[in-house]
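Asks: Would you mind keeping the following structure in view while I ask a few things?
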Amino acid sequence: MKIKDTPIDISRTLIHKGPNFRSHRVKFNDNVAYLKPTISSLLFCVLYVIVGLFLLVLAVMVYVQNNQADLTVFLGGIGISIATFGFTLIKPFVKQVTFDKNTGKFKNNIDRSVNIKSIVSLQIVNKVVSSKHGLSYACYELNILTNNGRRINVLNHNDIEQLKSDAEKLAVFLSVELIDLQRAIVV
């Protein structure tokens, strides 16, 4: 594909990893389309926070009741680590991603905003995420492509049917083409 006389490899992925579950859905509200995290993805993250906080409370109880500093430090350290991990997991799920026709901007609070008029297409790209210690799984990206050649990731998860549905609705909302480049890409 060429945009403004610049060849662009739209088949490569933008993100190397991705979740093995549906993380977000695209929601529409008047002139705004936005990503909303799924309940299951938030519960997954919150579970770590709750376990970490539980261990911190347990550490305080052990110290108050038994005055065992070594066990308190151990439980507190593990609790802080697990809770911090949970808060780190939550961050990408609650990022604000919006296509706002009122302001004419796409914002994901990671990259600089993009004028909606500059978006020429949406693309779906798939990949196979493999890990050293686990099974490989398929994952899919929904990206925007702008008239000056920028590609920006919008969504990344493994529920292809939901991603296609969201991409089709978003393409209609933005009045742009949807390019589906599904094929196996090992990452």
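Asks: Just need a number here: residues in the stretch 117-157 that are within 18 Å of Val97 (Cβ to Cβ) and surrounded by 16 or more Cβ atoms within 10 Å (Cβ to Cβ).
Replies: The total comes to 22.
Asks: For the list (1) over 30 Å from Ser175 (Cα atoms); (2) touching a Leu at 6+ places or on another chain (Cβ under 7 Å), I need the number of the one condition that Gln68 fails.
Replies: (2)
Asks: Now for a different question. So, Ala59, is that one farther than 30 Å from Asp159 by Cα, in a helix (DSSP H, G or I) and touching a Gly at 6+ places or on another chain (Cβ under 6 Å) or not?
Replies: yes
Any read-out appearing in this document is the output of simple, stated calculations on the displayed coordinates, not a laboratory observation. On a predicted model such as this, the values are computed, not experimentally measured, just so you know. FYI the Cβ positions are ideal-geometry reconstructions off the backbone, even for glycines, and counts take in every protein chain you see.
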